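*Asks:* Okay, handing you the structure first.
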Amino acid sequence: MEEKLSREEAWELLTEYTKTPALRKHALAVEAVMRHFAALASEDADVWGVVGLLHDVDYEKFPEEHCKKAEEIMKERGISDFYIHAVCSHGYGICTDVKPESPMEMTLYTVDELTGLINAVCLMRPSKSVLDLEVKSVKKKFKDKSFAAGVDRDTIRSGCEMLGMELDTVIRETISGMRENAEAIGLKGNL
């Protein structure tokens, strides 16, 4: 890996291209979860967090060119191929053929969609919070294909396989990661 990208630089780049509060909160949620999984794997949480923060950098402005435009944007800034490959790999089989290779990339691929599902589950709860959310509530909604229909369950399942982790474990750890930044991602709710 070449030069490390700071969180400040990543946030600046994200906010330049992403103005929608919901998309910024999604980026913060994925960042928090990536940092959590990095800690579990004894990896560099700053590096994993930056990748999570930037994963949808091109999505708001270029939804039709998602992941392809991210590569251009990041190259123009002189950001290393390490980060570019990681960011692009989360769209594997959806909008890119860049395959997740490292545990970091496999984690991003898996938790991106899952944070969206968990966010949707939280918003329909009386507490509107991730702080009192249980795995079984997420599992119930995971099985209900009409709930948060935009969330690709197959991507989550295949990510779990890549990681060699059970779905329940990935859900539990994703919830834990989101709890660590509940206020910033708008999921502290009324607790």
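The values are calculated or read from the model by the stated rules, or taken from the named source; none is laboratory data. Note that the structure is a prediction, hence the values are computed from the model and not measured. When we count neighbours, we look across all protein chains shown, and the Cβ atoms used for this are built from the backbone with ideal geometry, even at glycine.
*Asks:* Here's a check for you: in the stretch 117-157, which residue that is among the hydroxyl-bearing types (Ser, Thr, Tyr) and touching a residue at least 40 places away in the same chain (Cβ under 8 Å) is farthest from Met106 (Cα to Cα)?
*Replies:* Top of the filtered list is Ser127.
*Asks:* Six or more apart or on different chains, Cβ under 9 Å: which pairs go from a residue in the stretch 66-92 that's over 15 Å from Leu108 (Cα atoms) to one that's among the basic types (Lys, Arg) and in a strand (DSSP E or B)? Could you list them?
*Replies:* Within 9 Å, no pair qualifies.
*Asks:* Take the residues in the stretch 178-191 that are on the phi < 0 side of the Ramachandran plot and in contact with a Lys or Arg (Cβ under 7 Å, 6 or more places away or on another chain), then tell me which one is surrounded by the fewest Cβ atoms within 10 Å (Cβ to Cβ).
*Replies:* Taking the candidates together, the pick is Asn190.
*Asks:* Going by the conditions given, is Val130 β-branched (Val, Ile, Thr) and more than 24 Å from Pro21 (Cα to Cα)?
*Replies:* Judged against the criteria, Val130 is not a match.
*Asks:* Give the number of residues within the stretch 1-43 that are in contact with a Leu (Cβ under 9 Å, 6 or more places away or on another chain) and free of Cβ contacts under 8 Å to residues at least 24 places away in the same chain.
*Replies:* 1
*Asks:* Find the residue count for the stretch 3-20, including only residues that are under 14 Å from Val51 (Cα atoms) and either surrounded by 17 or more Cβ atoms within 10 Å (Cβ to Cβ) or among the acidic types (Asp, Glu) (or both).
*Replies:* Result for the stretch 3-20: 9.
*Asks:* Within the stretch 26-37, identify whether any single residue is surrounded by fewer than 17 Cβ atoms within 10 Å (Cβ to Cβ) and of a type outside the set (Ser, Thr, Tyr), and answer yes or no.
*Replies:* no
*Asks:* What number of residues within the stretch 99-130 satisfy the criterion of being in a loop (DSSP other than H, G, I, E, B) and either under 21 Å from Leu14 (Cα atoms) or out of contact with any helix residue (DSSP H, G or I) (no Cβ under 8 Å at 6 or more places or on another chain) (or both)?
*Replies:* 3
*Asks:* Given the options Leu54, Leu108, name the one that is hydrophobic (A, V, I, L, M, F, W, C), in contact with a Gly (Cβ under 9 Å, 6 or more places away or on another chain) and under 27 Å from Ser176 (Cβ atoms).
*Replies:* Every option except Leu108 fails the conditions.
*Asks:* Taking Gly150 as meeting all but one of (1) surrounded by fewer than 18 Cβ atoms within 10 Å (Cβ to Cβ); (2) modelled with pLDDT of 95 or more, write down the number of the exception.
*Replies:* (2) is the only condition that Gly150 fails.
*Asks:* Check off (1) closer than 22 Å to Gly164 by Cβ; (2) outside any helix (DSSP H, G or I); (3) not basic (Lys, Arg) for Glu60 and give me the number that stays unchecked.
*Replies:* Here Glu60 clears every test but (1).
*Asks:* Which of the residues spanning the stretch 90-102 are within 20 Å of Val33 (Cα to Cα), of a type outside the set (Phe, Trp, Tyr) and crowded, with 16+ Cβ neighbours inside 10 Å?
*Replies:* Answer for the stretch 90-102, where residues must be within 20 Å of Val33 (Cα to Cα), of a type outside the set (Phe, Trp, Tyr) and crowded, with 16+ Cβ neighbours inside 10 Å: His90, Gly91, Pro100.
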